[in-house]
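Nothing in this text is a laboratory measurement; each read-out follows from the coordinates by a stated rule. Only a predicted model underlies this, so the values are computations on that prediction, with no experimental measurement involved. Neighbour counts are summed over all protein chains in view; Cβ atoms, including those assigned to glycine, are modelled from backbone coordinates with ideal geometry.
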Amino acid sequence: MSDSPPVMLAGDGVESARRLRDSRHRWPLFSIVLWSLVTGALLSAFAGLLGCRAVKSLPETVGNDTACVDAIMANVDAGAPPGQAAEAIALTTAPLPPITIRDATSLENAAYRDLTLRETILIALSNSEVLRDLNATVLRAPEQVASQQTLPLVQTNPQLGIEAALSAFDAQLYAMGQWQNNDRQFNNRFFGGGANAFQQDLHDYVFQTSKRTATGAELALRSVTDYDANNATGNLVPSAWQSQFQAEIRQPLLRGGGLTFNRIAGAAALPGVYNGVLIAKTNNDMSVAVFRRNTRNYISNVANAYWDLAFAYRDVDARAEALERSRLTWRSYDAQKTSNRRGGSAEALAREQYYRFQGEYQDAVAGKLVQRTQIYNATSGGTFSGVGGVLASERRLRLLIGLPVSDGVLLRPVDEPTTAPVIFDTDSLSAQAIRMRAELQEQRLLVKRREMELLAAKNFLLPTLDLTSTYRIRGLGSDLAGTGSAFEEIGDTRFQEYQGGLEFRMPVGFRQAHAAVQHAKLQIARDQALLREQERQIIHDLLSVIAETDRSYALAETSLNRYLAAKDALDTLEANREAGLPISLVELLDTQRRLSEAQVRYYLAVTEYMVALKNVQFETGTLLNDTEIMIAGG
C-alpha cells in the first residue's frame, strides 16, 4: 500500500468492521508475494537437505504405498521361506556328496589341492564375510558372531556411535507458520478494542536456527513475524506487519558447562549416562580391539585346522606303512601254515595284527567327530588334540576357510614342520604381550573411559548457574518490505531491546550426583583390578606356551630316537627271519607295533611343536602382524 489509511477513532463497531473488510481488499500484495517466495525458497532448501533418497522414500514411509511392507509380511506369515535369490545361490553352491571311508580306503588315487599355510589364510580371509569358529556359534548364538559389518555397525550406531554423539552439536532449523481468522462480538467495548464486533486476520511466522557449542552454550538466531489486521479503533493502521530479529544465548557456568564435560558427557547427559564424543570414540576403539581379537582367534583356528590336517596325512602314512608290513608278515605265516610248516596260531596272530592295523588306518583316513584343536581348549591358542582323520580334518578346514564342504578334491598341506629349536627372550616377549594383546588394549580403553566418566560425574556435584542473554531488533509497518515497512524499520535499528539474566538451580544434598561419583570410582577400581589380573593371566599363559615349545621339541627328539631304535630292531628281526634264523613271532609283532607307535608319536610331537610356536605368537599378540594381516580402520 502506498497510502496509509486514516487513524480510526472510537465509534460504531459496524463501521469499523466495514473499514476492515475494505482494507482486506487492499492487503499488501507485494509483501504476501515476497513472503511466499521466501517461504518457498526455504522449503526448497529443506527438501534439498533431505536428499533424493529421502524424497523417494516418502511414499513408503509416510505415504500409503504399502507394497514393500506387504511383501515382507507375506513372507513372515508364510514362515519366511527362502526367496528366489537364496534358492539360486543354494543351487549353484550345492556341495558334492562327501568323500567317506567307503570311497577312500586308499588315498593314492585321490585328486589333491596342495596348500601352504599362507595360501590357506589368504583363502580364509577372501571367503570370510563371517569369522567362523568350530563351535557352531553361527547357529547357537548368531548375534555373537563377528563379521565384516561388525565395525561399521558400531560406527554407524544411531544412538552410541561417533556421528550420533557429534549430531548433538548440529545446527537445528525450525520454521512455523500459523494463520487465524477471528470474528466475534463483545458485550463490552473495552474487550473489543473500542468496538462491540471484533474481526481479525492474524498470521504468525517463526524461522529459527539454533546450535549447541562444545562449551555447552545454546545459540539461537530467530526471526519472528506476525501480520495483524483487525477493526480495533485504537490501531495506528488497520493492518500491520510486525517483525523482529532475535539473537539468544544460554551459557552454563557451572553444571553442564565447559569443553571437558561436553566432550565426555554429551548434550543430554544424566548422572551415570554419558555419550559424548570422547566416550563414543573410546567405545569405537574398544570395538576395534574386540574385532582384532576375533580376527586373531579366527586365524589361530585356521592354523590349528591346517596342522590338524597336516598331522592327519602323516598319521595315515605311518598307519599305511604299518599295515603293509603286517600284511607281508601275515602272508608269510599264512604260506607256512598252508605248507604245514607252522601251526595255525602263528598265522592267526599275524592276521589279528593286520586287521588291527587296518582299523587304525581306517580311523586315520576317516577320523571321528570329536573335538579338534581350537582356541581355548587347555590354552588360549589351543592345545593340539592329535586325534587325526584326514577326511574329517579336511572338512573342518574347508568349513573354516569358506570352501565348499566337498568338491571332489582333497586339500593337502605342503608346509613342512619346523624341526629347529627356537630360543625365546621371555622378558621382551612379556613386555610385548602386555602392549599388544587385544584383551589388554580393550580393558585399558575401558579404564580410560571410566576415568572420563568420573570427571563427568563430578560435574553433577555443581549447582546449575546459567547466563542468559537476548538481543532483539523490532520493526512495525503496514507492509513487510518496501518503503515504510517493517523490514525498513528494522534496518534503521531504531527499536532495539536487550535482556540478560542468571538462572540458578540446586538440588539440596546432591544425593544422585554423589551416588554417580561413588559408582564411577568403584567402576574404575574394579576395571583396574581386572586389568592387573588379565596381565597376570597373559604372562602365565605366555610362559606356559614357551615351556610347551621346549617340551614338544624335546619330545620330538626323543620320539625320533625311539623311532630309529624301533626301526633298527625291526630291521634286525626281518633280516634274521629272511636268513632262516628262528625268531619270536610275538617279538616281531610287538616290534611292528612299537615302530608304528613311535612313528606316529614323532609326527604328533612335531605338530605339537608347530602349534606351540603359533601359540607364542598368539599369546604375545603378534599373530596378525606375523601373518601380515591388518584391520582396516583399526
> So which of Lys448/Lys614; Lys211/Lys521; Lys211/Lys281; Lys211/Lys448 end up more than 27 Å apart, counting from Cα to Cα?
Replying inline: Lys448/Lys614; Lys211/Lys521; Lys211/Lys448
> What's the extension gain from Glu557 to Asn182 if we count 0.36 nm per residue and subtract their Cα-Cα distance?
Replying inline: 124.6 nm
> What nm value, rounded to one decimal, do you get for the distance between Met506 and Val447 when each label is placed 7 Å out toward the C-beta?
Replying inline: 3.7 nm
>> Going 7 Å from the Cα of Ile249 along its beta-carbon direction, which residues of region 487-507 have the amide nitrogen within less than 16 Å of the resulting point?
In response: 498-503
> Where the centre of each part is set by its Cα atoms, how far does region 403-429 sit from region 244-299, in angstrom?
Replying inline: 44 Å
> In whole angstrom, and with the biggest value first, how far do the Cα coordinates of region 532-580 range along each principal axis?
Replying inline: 71, 10, 6
> For Leu467 and Ala420, what is the calculated FRET efficiency with R₀ set at 56 Å and r taken between the beta-carbons, to the nearest 0.05?
Replying inline: 0.15
> How long are the three semi-axes of the equivalent ellipsoid for region 458-581, computed from the Cα gyration tensor as the root of 5 times each eigenvalue, in whole Å, largest first?
Replying inline: 94, 29, 9
> Quick one: length gained pulling Leu221 to Asn135 fully straight, 0.36 nm per residue minus the C-alpha distance?
Replying inline: 25.1 nm
> Under a point spin-label approximation (7 Å from Cα along Cα-to-Cβ), what is the Arg435-Val273 distance to one decimal in nm?
Replying inline: 4.2 nm
